[in-house]
Amino acid sequence: MDTPREQRSLFGEILDWMLAPLLLLWPLSVALTWLVAQSIASRPFDRDLAAMARTVARQVVVEPGSTEKPSAIRLRHPEVASEVLRTDDAERVLYQVLGARGEFVAGDRHLPVPEENPVPGQELRWRDDELQGDGVRVAYLWLPPTGVPGELPALVQVAETLDKRSRLATEIIKGVIVPQFVVLPLAVLLVWFALARGIKPLNELQQRIRRRESHDLAPLPERDVPEEVAPLVSAINDLLARLDQSMRTQKRFLADAAHQLKTPLAGLRMQAELAQREIDAGQQDAKSLGRSLQYIAHSSERAAHMVNQLLAMARAEARTLSRQPETVCLVELARETVRDFVPKAMDKRIDLGYEGPDSDDALHGRLLGHAVMARELVRNLVDNALQYTPTGGTVTVRVMDDPFGQVVVLQVEDTGPGIPEVERTLVLEPFYRALGTNADGSGLGLAIVNEIVQQHAAEMTIADARPRSLAAAQGQGPGALFTVRFPLVAWTPTVADAAQSSAGPPQDD
């Protein structure tokens, strides 16, 4: 059992897709802002630290020595260096000067030494280090070498703690993040308002549809709807138009059906009342009573035929059939129909025959459709031919493959009065009957045939069975020739079909 699918909200889905990325990108924005703030906060302090390192380096005095006497390195004015480094009491600023043999000259002994080979030339370098558990930023440089073999360049480095840098970075973060706490909820509210305003036309369209009466199938106005919804409204209007056409057809069909049923029912009632009056008046004329009963039987038969035709028409107009299309053998349907109508043909002394392959040879006369509807089509064509063919006439049913196309052809030919060319499209309408005929009918048979032909994507033509000039010379009608061309389907015999074929053609009762 399939679980019902949860109904989704278009408003909620759009809101999720807009706000979810925004909320996910906000922490990333905070992290990037922190990194940028750290870089921005470090630049001015690094410049000051570089100036301090160069000032201390200018105070270093190098007295060159020789191989016997090492070089002497000292600070010219140590107190100047101390004063320069005490410019801010809020930050610890330390310096260190190491001699040519790595000996301590001045400053802070605990300042770590860079772990790299000396690169003389007074090129300023930077590193992050740690002093007594506190992080420090160090600017350092090596002085030019003394020229004495075995001696190293003097090292000058200045270190500063990171408190002021951290405070400045924090201030920058606060200046950027705090406004976001105001802007972000405001952005959410604006998005919410924008979406609500954007979906408002859909709500108005929904209300207009809900306020409509069940019989109101007028098209929805497409001018006031958004461009994105216009195709949906157009599709709905197309559906309403088709539904309106279908309902109009049904109403017209019901009105025509009620009108057509009125005549046999009225005749049935009149004959019953007439027979009742004769009985009440004591008139026991068996011949008159039999005539009334005969009229009653004829009217009831006509009404029953009309009802059957109406049911067949309704079944043929049903576009959605419960069964899927299947392979139908037109030869078998034609042979069975001819066999079923033999008693009626004999009553009217009409020669009813079949021309075509036997059922066991019909490996190609097959179509894809609905067997019930195809049978109804053949029966209505044969019944219509028998209805309009005079006594002593001939009705022939043919099934053949078209050698020039992928179709299977069904023909029903009679020797009746035929159908004039101007009426050949009108006879396919419900309740229309050809003029100048005295045959009793409902006018639904050919309408049913036309509906079934359309459902099977087939093609039907109506023509004279023989030239009218020749028929007039012989004092007969030209007859009618109905030709239906069904699309032919490739068919591979199954085991059941092979067994049926081996059993031979069915025997007539």
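None of the figures in this text is laboratory data; all of them are computed from the coordinates on show. Remember, it's a predicted structure, so these values are computed and weren't measured experimentally. All Cβ positions, glycine included, derive from the backbone under ideal geometry; neighbour counts span all protein chains shown.
A few points about this structure:
- Charge tally around residue 398: other residues with Cβ under 10 Å, Lys/Arg +1 each, Asp/Glu -1 each, net -2.
- With a cut-off of 12 Å between beta carbons, the residues surrounding residue 96 carry a summed charge of -2, where Lys and Arg count +1 and Asp and Glu -1.
- Cross-link reach list, lysines versus residue 164, counting only Cα pairs under 29 Å and skipping chain neighbours closer than eight places: 174
- Under 5 Å from the amide H of residue 355 lie the amide H atoms of 397, 398, 399, each residue being 5 or more positions distant or on a separate chain, with H modelled from the backbone and absent for Pro and chain starts.
- Hull shadow area, averaged, the stretch 174-237 [alpha-carbon convex hull, nm²]: 5.7
- For residue 93, residues with placed amide H under 5 Å, excluding near neighbours: none
- Sparse packing (at most 14 other Cβ atoms within 10 Å of the Cβ) combined with a DSSP loop state is found for the following GluC sites (Glu not before Pro) in the stretch 141-215: 213.
- Formal net charge of residues neighbouring residue 131 (Cβ-Cβ distance under 9 Å; K, R +1; D, E -1): -3
- Rounded to whole Hz, the Karplus (6.51, -1.76, 1.60) HN-Hα couplings of the stretch 151-161, x for glycine and proline: 9, 9, x, 5, 10, 10, 9, 10, 10, 9, 5
- Here the gap between residue 132 and residue 15, fully extended at 0.36 nm per residue and compared with their Cα-Cα distance, gives a gain of 36.8 nm.
- Database remark: amide H of residue 393 closer than 5 angstrom to the amide H of 351 (H placed geometrically; neighbours at sequence offset of 5 or more, or on other chains; Pro and chain starts carry no H).
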